[in-house]
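*Asks:* Quick one: this structure, given as C-alpha cells, is what I'll be asking you about.
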Amino acid sequence: MIGGGSPGSATSRGEPSADREAAPSSPSRARSTASAPPRETTSGIFGPCTTKAYPQGPAELARMGARTPWHDPGVCEGTGACARACPTEAITIEGTGRGARLRLDYGACVFCRKCVDACPTGALRAVRFFELAVRSKDDLVARHVAGGTLGANPPPSQDKVSREVRERISRLFSGSLAVRAVDAGSCNGCEVEVSALSWPAYDAERLGIHFVASPRHADALLVTGPVNRNMRLALQKTLDATPDPKFLVIAGACGISGGPFRRSKEVEGGVPPSDLPSVWVPGCPPRPEALLYAFWLALGRVEQQLKNGELPPKVGGSSLR
Amino acid sequence: MSAGAPDHGSEAPLLSATRSQGERTAPPPRSQVEVPGARDERKWVAAARGGPTLEEAEEGPWEVVVALERWRPSVLSLVHALRFRLATLWGENAHGGDVEVHGIFLGGAECRGVHLRVDLPGAARKLPSLLPDLPTALYFERELSEMFGVTILASPDTRPLLLHERHTAPPMLPAGGEPTGVRAPFGFPRTEGEGVYEVPVGPVHAGVIEPGHFRFQVRGEEILNLEVRLGYAHKGTERLFEGLEPSQATVLAESISGDMSVAGATAYALAVEDVLGVPVPPAAQTARGLLLELERAAFLMGDVAGIILDVGYAAGAAEANVLREQAYGTLELLTGSRLGRGAVVPGGLARPVPAEARVDVERSLDAVRRGLAGLVDHVHDQPSIMDRLRGTGVISLEVAEALGMVGPAARASGLVRDVRRDRPYGPYVHERVRVRVASRSEGDVEARFEVKVAEVLEACRLARHFLGEGGPATGPLISSRSARPRHGLGIVESPRGEFLVALRPSEPAKKVLARVHVRDPSFLNWPAIEYAVRGNIVPDFPLCNKSLNLSYSGFDR
Ligand code: SF4
Ligand code: SF4
C-alpha cells in the first residue's frame with residue numbers, strides 16, 4: 001500500500017512506478033539468512049585508527065574551513081560594512097573612517113563570514129583558528145581603532161580564576177574528568193559536536209574525559225544553549241545537584257551571549273556569570289577540537305591563546321600579518 | 001511485548017510495502033467532487049472553491065479567504081473529500097488587532113497546494129476546533145491559542161504547548177507579552193490500578209540529548225501510556241525574524257534545528273526567493289542538492305549509529321560514527337562548516353563550493369557507501385540485534401496518516417511521502433534527478449532502521465549525481481518584484497522529512513520580514529512516539545526514541 005491514498009501518489013510524471021517507489025538499494029530481510037563470506041565491515045575498529053592526534057598532536061588544519069574572523073586595524077578604513085552585515089552584533093562600530101572604534105566579540109560571533117565578505121578593504125580575514133576558549137569573558141572581545149595598530153593599548157588581562165584554584169582543578173581532575181552535558185535550549189547544533197567527542201575521530205575518553213548520566217556523578221557541567229526561560233529552573237537544579245568542587249564549560253555563542261537568540265524575551269542571553277570557575281568556548285557550534293581544547297584549558301594542560309580578543313600573532317603556522 | 005505487533009515469521013522479500021496490513025479499516029471514500037488532473041493547480045483551487053466548501057474571495061494566486069463559519073467545513077472537506085492534508089497552520093497579526101489564521105494544505109504529486117485564510121476579529125478571536133475530525137490540528141491550535149490569544153472552541157485539550165510561564169499577554173500579539181516568572185499549570189493524565197506506577201524523565205536527560213519531559217505510566221515493565229511535554233527549548237525564534245532583512249535571518253533558519261542547518265537554510269531561502277521572485281542560478285541549485293544530500297547522509301548515519309548503540313553494540317555504533325565523521329568532514333570541505341552552516345543564502349550560495357574538493361568528496365561518498373553496506377550486512381547477521389528491532393515500537397499506517405506524519409518515519413509505516421518526489425524544488429526539479437524513495441510497511445524500529453540505511457545509500461548516490469553536474473555558483477543580490485503572492489513558501493525534504501517555511505515580507509517595499517512561520521517535520525511527528533511505545537517495555541524506549549530521532553528544538557523553536 002504505497003502512497004497512502006494521497007491524490008498524487010499515482011505517478012503523474014510519466015515514470016515507471018517501480019522506479020520511483022521501490023528502493024532497489026533497500027536491503028531485504030531475506031538477506032540475513034544468506035551465509036555471506038566474511039567481509040570487511042570495519043573501517044575504523046579493526047582497520048586503521050581514525051582517531052585524530054589533537055590535542056596531543058597537531059590539528060589537521062589543512063582540512064578545516066577558515067571561519068574565524070580576524071581584524072587588522074592597520075588596513076581598516078572604518079566603513080562599518082562589517083557591522084551592518086553581522087547578524088548577531090558581534091561586530092559593532094562607533095564613528096566612521098579612520099579613528100572609528102570597532103568592537104569584535106568572539107562570544108557573540110556565529111562564524112558566518114558575512115563581515116569578511118562585506119569588508120571592502122580586506123581588513124577582515126577568515127582564518128583557521130579554533131583554540132578560542134578563554135577563562136574570562138573579557139578575553140573574547142577585541143577593541144580596535146580603525147587605522148591604529150594591533151594591540152596598541154590593551155588593558156591588562158586579568159584572570160578571574162586565581163592560580164591556586166586553577167592548580168587545584170588540575171590536581172583533582174586532570175587524570176579523569178566526569179562531565180554532565182546540559183542543553184539549556186540550544187538549537188541542537190552544539191549537541192552534534194558534543195556527541196562527536198564520543199566518536200572514534202575525537203574519542204574524548206582517551207584523554208580521561210567522559211560523559212556521565214547524572215549530575216551527581218559529575219565534576220563539570222558542559223552547558224549549551226542560550227538559557228531560555230523554560231530551562232532556567234532545570235539548569236539551576238542540575239547545577240545544585242552537582243557536588244562541589246565543580247566547574248563550568250559554556251559552549252557555543254548561545255551560552256556565552258545568547259547567540260542568534262539574544263534578543264528574544266524567552267531567553268536569558270547566555271549563562272549568567274557566577275563564582276564558579278568557567279571556561280567559555282566560542283563557536284556556532286564549536287568544533288570538536290575546540291571543545292577538547294576547552295577541556296584541556298580548564299584542566300590547566302594548555303595555555304590560553306586568546307587574550308583581550310587578540311589571536312596569537314601566528315595562526316596555523318603562518319603569520320597573521 | 002505489544003500484542004498488536006506484526007508477524008515477522010516469514011522472510012518475504014520486503015523491498016517495499018508488501019506485508020498485509022491485517023484488518024485495516026477501509027480508507028474514507030474518495031471525493032464526491034470531481035478531482036481534476038494533478039498537474040493543474042488552478043483547477044485544484046477551483047475545485048476546492050466550487051465544491052461544497054470555499055467562499056469566493058481570493059487574494060493572490062493561492063490564498064483563499066473563508067468566512068469564519070465556513071472554516072471548519074472547508075478544512076474538513078479539503079482533507080476528507082479532496083484528500084489534501086494539513087501541512088501547517090499559523091497566525092498573523094492584521095490591522096486593527098485582528099488575527100489572521102493561515103493554513104497550508106498539500107496534495108500529492110505536482111499539486112502546489114491550497115492556502116486558506118480565516119480572519120478573526122480582534123474583539124473575540126474565537127475559532128472552532130478542527131478536532132476530533134482532524135487530529136493533526138491539535139498542536140497547531142494549542143500554539144495559536146497561547147501565542148495569539150485565540151480561543152479554540154470545543155477543543156478537547158486546551159493546555160499550553162510551548163510556554164511554561166504565564167505571560168502578561170499572548171507573546172505573538174503586536175504588543176508582545178512578557179514572561180512573568182509564574183509557572184502555568186499543566187495537568188498530566190493519570191493511570192490508576194494495582195501495580196501501576198509513573199516514571200518521570202527529563203527535562204535533563206541521561207545523555208547528550210535535548211530537553212523535554214516524558215511521563216510514563218507503567219505496569220511491571222510494560223508501558224501503558226506516555227505523555228510528552230515539550231517547550232523546554234522554546235526560544236521565541238519566529239518573533240526574532242520580524243523586522244530583519246531577509247539576508248540577515250539565515251542564521252535563525254539554520255538554528256531551528258541545528259542538525260539540519262542546510263535544510264533549514266534552504267527552505268528559508270526558497271521561501272524568500274518565492275515571494276521576492278529571486279532567480280537562482282542552476283549551478284547554485286545543483287550545489288544545494290549536493291549539500292542537502294550530504295547533510296542527509298551524515299544525519300541518518302547518526303540514527304543508524306544510535307539504533308545500533310541502543311541495543312548495546314558499541315563497536316558497531318563506533319563504526320557507524322566513523323562514517324558519520326567522514327560525511328561531516330566532507331560537508332566542511334565544501335562549505336567550511338562541519339554542519340554546512342552559512343552556506344545556503346537567499347539567491348544561491350554564500351560562496352562557491354570549491355571545485356578542487358571533487359575528488360575528495362567522491363572518495364568520501366564511496367567510503368561511506370561501502371562502509372555502510374558492509375556494516376549493515378554484518379548487523380543483519382546478528383540475531384541478538386535484529387531481535388531487538390523487530391516488532392518494537394510499531395506505528396501503524398492508520399496512526400501515521402491520522403497524525404500527518406512525514407519523512408523516513410512515515411515511510412517506514414507505509415506512508416510514502418517525500419517532498420523531493422512529490423513536490424520537486426530547486427535541485428530536484430531537473431528531470432534527470434530521480435529520487436528512489438525507500439519505504440517499508442511494518443512501522444517498527446527495524447523498518448525505520450532499514451529505511452534510514454537505504455536513504456543514506458540513496459543520498460550518497462544523489463550527492464554523486466549533483467557533484468557531476470556541479471560548478472561554481474554564487475547567487476545574485478536580492479531584488480524585489482511586485483506582482484507576487486503575499487506569502488512565500490519553501491518546502492524541503494530535510495533528513496527528518498518535510499520542512500516548511502512560510503513568510504511574508506512587509507508591504508509595500510518588501511524590504512524586511514513581517515512574519516516568518518517555520519514548521520519543522522518533528523512538529524508533526526512528535527505525537528507518534530506516544531503511540532510507538534504503547535505496550536512496549538521501558539528498556540525499549542531508547543530504541544523507539546532513537547529510531548524516530550525527533551527534534552526538540554525544531555518543535556519548540
Ligand atoms: S563572522 Fe562573526 S563577526 Fe563576522 S558577520 Fe558573522 S557573526 Fe558577525
Ligand atoms: S551556539 Fe549556534 S549551534 Fe550552538 S546552540 Fe547556539 S545557535 Fe545552535
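*Asks:* Condition check: outside any loop (DSSP other than H, G, I, E, B), farther than 30 Å from B:Gly177 by Cβ and within 16 Å of ligand 2 (Cβ to nearest atom). Does A:Val182 satisfy that?
*Replies:* no
*Asks:* Can I ask one more? For residues that are part of a loop (DSSP other than H, G, I, E, B) and surrounded by fewer than 23 Cβ atoms within 10 Å (Cβ to Cβ), scanning just region A:132-150, find the one that is nearest to ligand 1 (Cβ to nearest atom).
*Replies:* Top of the filtered list is A:Leu150.
*Asks:* So A:Cys86 fits all but one of (1) under 23 Å from the mean Cα position of the chain (by Cα); (2) open to solvent by 40 Å² or more (accessible area, probe 1.4 Å); (3) over 30 Å from A:Ala201 (Cα atoms); what number is the exception?
*Replies:* Going through the list (1) under 23 Å from the mean Cα position of the chain (by Cα); (2) open to solvent by 40 Å² or more (accessible area, probe 1.4 Å); (3) over 30 Å from A:Ala201 (Cα atoms), A:Cys86 breaks only (2).
*Asks:* Taking region A:235-247, which residues are open to solvent by 10 Å² or more (accessible area, probe 1.4 Å) and either more than 10 Å from every other protein chain (Cβ to nearest Cβ) or within 16 Å of ligand 1 (Cβ to nearest atom) (or both)?
*Replies:* Hits for region A:235-247 are A:Gln236, A:Leu239, A:Asp240, A:Pro243, A:Asp244, A:Pro245, A:Lys246.
*Asks:* Please go through region A:269-289 and give me each residue that is surrounded by fewer than 23 Cβ atoms within 10 Å (Cβ to Cβ) and of a type in the set (A, V, I, L, M, F, W, C), ordered by number.
*Replies:* A:Leu276
Here is a yes/no grid of residues against (1) in the same structural domain as B:Leu513 (by TED's automatic domain parsing); (2) open to solvent by less than 10 Å² (accessible area, probe 1.4 Å); (3) farther than 24 Å from B:Glu530 by Cα; (4) in a strand (DSSP E or B):
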{"residue": "B:Glu92", "(1), (2), (3), (4)": "no, yes, yes, yes"}
{"residue": "B:Leu116", "(1), (2), (3), (4)": "no, yes, yes, yes"}
{"residue": "B:Leu130", "(1), (2), (3), (4)": "no, yes, no, no"}
{"residue": "B:Glu141", "(1), (2), (3), (4)": "no, yes, no, no"}
{"residue": "B:Pro171", "(1), (2), (3), (4)": "no, no, yes, no"}
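*Asks:* Also, quick follow-up: Identify, please: which residue in region A:101-117 is open to solvent by 20 Å² or more (accessible area, probe 1.4 Å) and within 16 Å of ligand 2 (Cβ to nearest atom) and is, among those, farthest from the other protein chains (Cβ to nearest Cβ)?
*Replies:* So, considering only residues that are open to solvent by 20 Å² or more (accessible area, probe 1.4 Å) and within 16 Å of ligand 2 (Cβ to nearest atom), the one farthest from the other protein chains (Cβ to nearest Cβ) is A:Asp105.
*Asks:* Still on this structure: Are there any pairs with C-beta distances below 9 angstrom linking a residue in region A:279-303 that is free of Cβ contacts under 8 Å to residues at least 40 places away in the same chain and away from chain B (no Cβ under 14 Å) to a residue that is away from ligand 2 (no atom under 12 Å from the Cβ) and open to solvent by less than 10 Å² (accessible area, probe 1.4 Å), with the two at least 6 apart or on different chains, and if so which?
*Replies:* If the second residue must be away from ligand 2 (no atom under 12 Å from the Cβ) and open to solvent by less than 10 Å² (accessible area, probe 1.4 Å), the pairs left are A:Glu303/A:Leu297.
*Asks:* Show the residue pairs meeting these rules: Cβ distance below 6 Å; 6+ apart or different chains; first residue within region A:76-87 and assigned by TED's automatic domain parsing to the domain that holds A:His144; second residue within 16 Å of ligand 2 (Cβ to nearest atom) and assigned to a helix (DSSP H, G or I).
*Replies:* From region A:76-87, the pairs are A:Ala85/A:Lys114; A:Pro87/B:Gln248; A:Pro87/B:Val251.
*Asks:* Can you name the residue in region A:204-234 that is in a loop (DSSP other than H, G, I, E, B) and under 17 Å from the mean Cα position of the chain (by Cα) and, of all such residues, is farthest from the other protein chains (Cβ to nearest Cβ)?
*Replies:* Looking at the filtered set, the residue picked out is A:Val227.
*Asks:* Also, quick follow-up: Can you name the condition, by its number, that A:Pro282 falls short on among (1) under 18 Å from the mean Cα position of the chain (by Cα); (2) under 30 Å from B:Leu244 (Cβ atoms); (3) away from ligand 1 (no atom under 15 Å from the Cβ)?
*Replies:* For A:Pro282, the failing item is (3).
*Asks:* Which condition number in (1) without any contact (Cβ under 8 Å) to a residue 40 or more places away in the chain; (2) among the aliphatic types (A, V, I, L, M); (3) over 13 Å from B:Leu513 (Cβ atoms) is the one that B:Val304 fails?
*Replies:* (1)
*Asks:* Residues B:Val394, B:Val435: which one is open to solvent by 10 Å² or more (accessible area, probe 1.4 Å) and within 30 Å of B:Ala137 (Cβ to Cβ)?
*Replies:* Of B:Val394, B:Val435, the one residue that is open to solvent by 10 Å² or more (accessible area, probe 1.4 Å) and within 30 Å of B:Ala137 (Cβ to Cβ) is B:Val394.
*Asks:* Just one of (1) crowded, with 18+ Cβ neighbours inside 10 Å; (2) under 30 Å from B:Glu192 (Cα atoms); (3) touching a residue at least 60 places away in the same chain (Cβ under 8 Å) trips up B:Glu222, so point out which.
*Replies:* B:Glu222 satisfies all of (1) crowded, with 18+ Cβ neighbours inside 10 Å; (2) under 30 Å from B:Glu192 (Cα atoms); (3) touching a residue at least 60 places away in the same chain (Cβ under 8 Å) except (1).
*Asks:* Could you please give the count of residues in region B:173-188 that are within 22 Å of B:Glu238 (Cα to Cα), open to solvent by 40 Å² or more (accessible area, probe 1.4 Å) and assigned to a loop (DSSP other than H, G, I, E, B)?
*Replies:* Summing the residues that are within 22 Å of B:Glu238 (Cα to Cα), open to solvent by 40 Å² or more (accessible area, probe 1.4 Å) and assigned to a loop (DSSP other than H, G, I, E, B) in region B:173-188 gives 3.
Per-residue answers, yes or no, for (1) under 20 Å from B:Ser337 (Cβ atoms); (2) crowded, with 24+ Cβ neighbours inside 10 Å:
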position	(1), (2)
B:Ser247	yes, no
B:Asp259	yes, yes
B:Asp274	no, no
B:Val278	no, no
B:Thr286	yes, no
B:Ala297	yes, yes
B:Ile308	no, yes
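*Asks:* How many residues, within region A:60-71, are over 17 Å from A:Pro285 (Cα atoms) and either within 16 Å of ligand 1 (Cβ to nearest atom) or at pLDDT 90 or above (or both)?
*Replies:* 2
*Asks:* What strands (runs of 3 or more DSSP E) lie completely within region A:73-127 and have 2 or more residues being closer than 23 Å to B:Glu332 by Cα?
*Replies:* In region A:73-127, the matching strands (runs of 3 or more DSSP E) lie at A:124-127.
*Asks:* With (1) assigned to a loop (DSSP other than H, G, I, E, B); (2) at the interface with chain A (Cβ under 9 Å from one of its Cβ atoms); (3) more than 30 Å from B:Leu349 (Cα to Cα) as the list, and B:Arg436 as the residue in question, which single condition is left unmet?
*Replies:* (3)
*Asks:* Out of A:Ala298, A:Ala253, report the one residue that is within 16 Å of ligand 1 (Cβ to nearest atom), in contact with a helix residue (DSSP H, G or I) (Cβ under 7 Å, 6 or more places away or on another chain), aliphatic (A, V, I, L, M) and more than 22 Å from B:Gly202 (Cα to Cα).
*Replies:* Being within 16 Å of ligand 1 (Cβ to nearest atom), in contact with a helix residue (DSSP H, G or I) (Cβ under 7 Å, 6 or more places away or on another chain), aliphatic (A, V, I, L, M) and more than 22 Å from B:Gly202 (Cα to Cα) holds for just one of A:Ala298, A:Ala253, which is A:Ala253.
The values are calculated or read from the model by the stated rules, or taken from the named source; none is laboratory data. Just so we're clear, the structure is a prediction, and the values are computed from it rather than from any experiment. FYI the Cβ positions are ideal-geometry reconstructions off the backbone, even for glycines, and counts take in every protein chain you see. The protein model used for the area step is the full one, side chains on, heavy atoms only, and it has no ligands, DNA or RNA in it. Shrake-Rupley method; radii C 1.70, N 1.55, O 1.52, S 1.80 Å.
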